[in-house]
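Just below is one structure, and these are the notes that go with it.
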């Protein structure tokens, strides 16, 4: 039973903005490595990531793009992937994603992965960059700095980083480092110096000091660019209950009227995120990562919760794909299918006018991101090879 | 596709008790003011509250009552509203709501709004009153009192307030002021005096002192009337995670066997509220506010979660409508449609006997409120103009 | 409309492992006692537990097994139960449950209930035992022990308890006693001695000391058996927000690589539990208790949330039935129906291959438990009367 109707058609054709993703691995992948990239956990003995909702979705929706039948077995899937080679595999999935612009978080790359430009080239799309603040701070520490100079050096490094062409936003993983039950106040200079002293004396490394993590959030305010925040679902490093975005409310009050704040992923706190987006002018959300991990069978349900009270100018699309290009495609597919089913069913029940449904689809899939990020997201300079083709 | 079946018919005919709502504005509304009354946030540039689930629901379900086509555009909607005038608009929505009794929280009125009597007259219904405790306390402070006399003067003021004809309950917004992670113990007299001294010395005003907020909850216990508690969803003043009603468990243990406690709104913590209603004899819940904000498309889903384990004598109907009479109507409509779909589908699947479905509909829509509040909710004295007419 | 299709048929035939349940009462039950066993709360005047989702489910799905029509009235239901006698009632429900192996928590028995052997006999099944650690510790205190010897005596008692034939796991109700926001570290011997001294000096009894409760969790690690943990939904003793399994993340990191940890019930935190199961190799979950309390009408929805991201080798079936054998049957029925609907609808939409759906059904209903617990769960020695018969 193919999903049909004008909303499905419009969403199938819509060139998305994927406002938060990562690169795709450039190497051919052995079975176990591919498996481990399918999960936020690991590939454990006897518990293959193929045997999970995302694995089922890959076999169902990714296999045909590799010329395999739907629901192809895992070993055939990975063998065919190797046969085609990483370059061709990436090209197929990235172009099929139907994404016009990717905003790429370049601060996480434990594997050799595509640069934003490589990702864009493979997709026939445009790529922008998102600068990860914790990585920036850790690089400052690694290069060596006096505690009393930390704030100034970080500030300069951040200003330089965001001045690079194509940078449209910064990102924080404060959710992982301290969680959101943080002191909402801007830390005083002296506090930052003391905390930096402690951190640097311990050799720098992974930044988890609450004063310095919070200082990064305020640095984002000073930079003036949109701030992407990891919230909710992630790998085992997260403490899920401390990544509930509602915990940020006090901080959001303090920064109201400054920068856009984009709550990423959110699951299972999509309703809490929706509340914040409904009551704060410059708070937005997406349900990236959850889309492909839950798969099409549940993406509609997660989107339905995310949209229960969210103003339609406040939801964005992201894949949060990392590593396997299947996810850049699958995120887009789950978003298109899930949102189309949700909107079309309301149109069919006469709860929503078709014109409004089409507007909501364009806004959430593309235009909200263009509005928030501005150029080059809003005025993408197309790769000469033109628009990506895609199948949904 | 019109929803049909005996449960839909019964709920369409049922005269509801709206056990928690506010007045409707009495002035004609300019576009921006109307917009701002549609949202728990504000009407921000480029993010019209019409472009949200509640805005879609108003254009779909309210427009026809103003003689407009379904899905009428926002500007036509507000123009027609002005053309008819606030009085006629209120009369149409309030009478169409099909509510026999409104319990009106009179403690929140930033706009000129209808009194309970005016609301009742416009609806052809009966209105009772709910006294807001924080407002009472702030009025005591504003009139001037010695710290040592605060508790006694408040007690007297509260007793007088609830003795007024038509008062059926008290309400607290402790969720907004301190949240529910509060010390569950009754504060000692000396503590109250010290806290009152601090508050009064600072000039009174908005009461946020944890001892005094908690003292108000215990005052409710002494008054012996049902206590309505804001929980969950609200405006930007709330810290959502501190308004999770599960945080009240220790306090509910202490007051078990005294007064009925009615958890209002609850979204997104309707399952937590349902748990409390399932294990405490005198705890009840509703999903008011969430009904019209999520709209008919999701009201069924929210009600389904609220009813997952809730005893059927423990769920009530409220709109929590404030400001625009659309919401008094829309809340009722979402409740009727959502509950009817939920119950009828179970009857159709032979999971529920029709007679039981009809009983659950009457209980939750009307009889549970009558049972808890007693007269005049249970024995409403009808306005001479008789029963309201309504369309669902 | 009977649910049909190959997944329904497979699940209807599947001999389940109910990896966490309790005994069934052996006495005939008066109306009020039966009612009170239907609820995690109590049977309050005017609020019959029959008037709740679980009551509706019992009248619909249990009544036919007593030769009554579907939706039989409560008084007829309890009268027929008395007429048949507890022994026959238990036999009917337990054998109809279609469970091959019950893992029985023997640490909770406020009523005279079946022993594991009696439960097995009535069901024509095999029963294993789960040892409750808090009960063990309280028994140690009741027998008398010096504070300095508490840890050693407890250890010996625990080792003896789990050496009994048929014991396959231990269980903790730390969720009830302290909640999960606990210090994740293994307590030092001296800490345990001090805490034990305090507890014993106070006369022992219900163990709520945070050091000693936490010490029990670490005792489980030392024992090496799978540890079942109550999480989420329960009676009024629980503080729901402190029973959110996400709060255990720090502890789960510390014990990673040691014992399997089975998160029981989980509702309404099934998504949080699913996250933990997705990122920790040896964490598993079920939605027992919630299945029969929400009833078939919502069991599918709860299972759908539980399975949103959960690896299919990580979900198990349990009823958590206590007291009335209706629940041993109803839990199984809700699991079969809910999971079959969920999987079959995905097969029908070509989102899931039938072979995969059948594998997921067998894994979650039986094989995951066999894999985790080993013999005798994995190699049940059948009662000579052979396989139970069942109807779904």
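The values are calculated or read from the model by the stated rules, or taken from the named source; none is laboratory data. In this text the structure is predicted, and so the values were computed from the model without any measurement. For neighbour counting, all protein chains shown are included, and Cβ atoms are generated from backbone atoms with ideal geometry for every residue, glycine included.
Across segment C:72-101, the number of residues qualifying as within 14 Å of chain B (Cβ to nearest Cβ) and in a loop (DSSP other than H, G, I, E, B) comes to 2. Selection of segment B:116-161 for residues being in contact with a strand residue (DSSP E or B) (Cβ under 8 Å, 6 or more places away or on another chain) and surrounded by fewer than 17 Cβ atoms within 10 Å (Cβ to Cβ) yields only B:117. Within the set B:9, B:15, the sole residue that is under 30 Å from residue B:373 (Cβ atoms) and free of Cβ contacts under 8 Å to residues at least 24 places away in the same chain turns out to be B:9.
Summed over segment B:282-322, residues that are assigned to a loop (DSSP other than H, G, I, E, B), away from chain C (no Cβ under 14 Å) and either at negative phi or out of contact with any strand residue (DSSP E or B) (no Cβ under 7 Å at 6 or more places or on another chain) (or both) total 9.
Just one of the listed residues (C:253, C:230) is modelled with pLDDT of 95 or more and in a helix (DSSP H, G or I), namely C:253. Here A:274, A:361 are screened, and the one residue that is away from chain C (no Cβ under 14 Å), touching a strand residue (DSSP E or B) at 6+ places or on another chain (Cβ under 7 Å) and either assigned to a helix (DSSP H, G or I) or at pLDDT 95 or above (or both) is A:274.
Out of everything in segment A:224-251 that is touching a strand residue (DSSP E or B) at 6+ places or on another chain (Cβ under 6 Å) and either farther than 25 Å from residue A:151 by Cα or surrounded by fewer than 22 Cβ atoms within 10 Å (Cβ to Cβ) (or both), what residue ends up being farthest from the other protein chains (Cβ to nearest Cβ)? Applying the filter and picking the extreme gives A:225. Per the conditions (1) surrounded by fewer than 24 Cβ atoms within 10 Å (Cβ to Cβ); (2) outside any helix (DSSP H, G or I); (3) within 13 Å of chain C (Cβ to nearest Cβ), the sole criterion not satisfied by residue B:371 is (2). Just one of the listed residues (B:48, B:52, B:36, B:95) is more than 16 Å from the chain's Cα centre (by Cα), crowded, with 22+ Cβ neighbours inside 10 Å and closer than 22 Å to residue A:278 by Cα, namely B:52.
Could you list, in sequence order, all residues of segment B:55-64 that are more than 9 Å from chain A (Cβ to nearest Cβ) and surrounded by fewer than 23 Cβ atoms within 10 Å (Cβ to Cβ)? Once the filter is applied, which keeps residues that are more than 9 Å from chain A (Cβ to nearest Cβ) and surrounded by fewer than 23 Cβ atoms within 10 Å (Cβ to Cβ), segment B:55-64 yields B:63, B:64.
Taking residue A:181, is it part of a helix (DSSP H, G or I) and at pLDDT 95 or above? Here the answer is no, as residue A:181 does not meet what is asked. The set of residues in segment A:323-352 being within 13 Å of chain B (Cβ to nearest Cβ) and on the phi > 0 side of the Ramachandran plot consists of A:350 alone.
Every residue, every condition in (1) outside any loop (DSSP other than H, G, I, E, B); (2) touching a helix residue (DSSP H, G or I) at 6+ places or on another chain (Cβ under 6 Å); (3) more than 28 Å from residue B:33 (Cβ to Cβ), yes or no:
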{"residue": "B:103", "(1), (2), (3)": "yes, no, no"}
{"residue": "B:110", "(1), (2), (3)": "no, no, no"}
{"residue": "B:120", "(1), (2), (3)": "yes, no, no"}
{"residue": "B:129", "(1), (2), (3)": "yes, yes, no"}
{"residue": "B:134", "(1), (2), (3)": "yes, no, no"}
{"residue": "B:150", "(1), (2), (3)": "yes, yes, yes"}
{"residue": "B:162", "(1), (2), (3)": "yes, yes, yes"}
{"residue": "B:171", "(1), (2), (3)": "yes, no, no"}
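Selection of segment B:328-350 for residues being surrounded by 22 or more Cβ atoms within 10 Å (Cβ to Cβ) and without any contact (Cβ under 8 Å) to a residue 40 or more places away in the chain yields only B:346.
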